[in-house]
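The values are calculated or read from the model by the stated rules, or taken from the named source; none is laboratory data. These figures come from a predicted structure and were not determined experimentally. Because the Cβ atoms are built from the backbone with ideal geometry, glycine has one as well, and the counts that use them run over all protein chains shown.
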Amino acid sequence: MADAAHTPAAGGPELERRAAVAELLRDRGPLLVVSGLGSPTYDLAAAGDHERNFYLWGAMGGAAMIGLGLALAQPEVPVLVLTGDGEQLMGLGALATVAARRPRNLAIVVLDNRLYAETGMQASHTGLGTDLAGVAAACGLAWTERLDSPQALPALRARIHRCEGPGLATLRIAQTEPPRVMPSRDGVANKLRFRAALGLRGI
């Protein structure tokens, strides 16, 4: 049963995206993080490059599914998918599959600025009424939240590490575009580094 949560009103409180991501990653321990393409990847890198970060430079709509596979393969390790509203809108069907497989160690956090920032700041569907937390709840995820206050972030961080999922939180973030912080775009090097962090070798 998904948690009840309010829907922030248009023009309501907003979070600063870089500060919110930094708070979620504080004292991260063994946390594995998959970032969706574009701004979430820049935000993750800005919080500090880490061998347990897996940056997506493409495959729009695929972040949740990659996180699902990772969570199933590493069931004792908390997995966070950090993505944007545009990316998650393209992968709505993934939420039904996540709910069907029910990995307790998977959490999806959507940085929702109601915009397609990578293609020119056009309004996304979440700015036109689509409620991603509501969609996730209807799919059957164990919990959903809608957050617009920095005071709520420590509890969300703790929930991610307690592995109560699968769950999804939408963070209502300000419609700003901070300077890009670019991690390596070498896909092979990123993959090998991530595998090594998990104690895996080879291709």
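To keep it simple, each residue is scored yes or no on (1) more than 24 Å from Arg52 (Cβ to Cβ); (2) touching a residue at least 60 places away in the same chain (Cβ under 8 Å); (3) in contact with a Gly (Cβ under 9 Å, 6 or more places away or on another chain).
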position	(1), (2), (3)
Ala94	no, no, yes
Ala99	yes, yes, yes
Arg104	no, yes, yes
Arg114	yes, yes, yes
Gly127	yes, no, no
Arg159	no, no, yes
Cys163	no, yes, no
Ala169	no, yes, no
> Has segment 25-41 got at least one residue that is touching a Phe, Trp or Tyr at 6+ places or on another chain (Cβ under 8 Å), basic (Lys, Arg) and in contact (Cβ under 8 Å) with a residue 24 or more places away in the chain?
Replying inline: no
> For segment 5-87, which fully contained strands (runs of 3 or more DSSP E) count at least 1 residues that are of a type outside the set (Phe, Trp, Tyr) and over 21 Å from Asp186 (Cβ atoms)?
Replying inline: 79-84
> Only one of Arg18, Arg52, Arg26 is at pLDDT 95 or above, surrounded by 15 or more Cβ atoms within 10 Å (Cβ to Cβ) and under 26 Å from Arg104 (Cα atoms); which?
Replying inline: Arg52
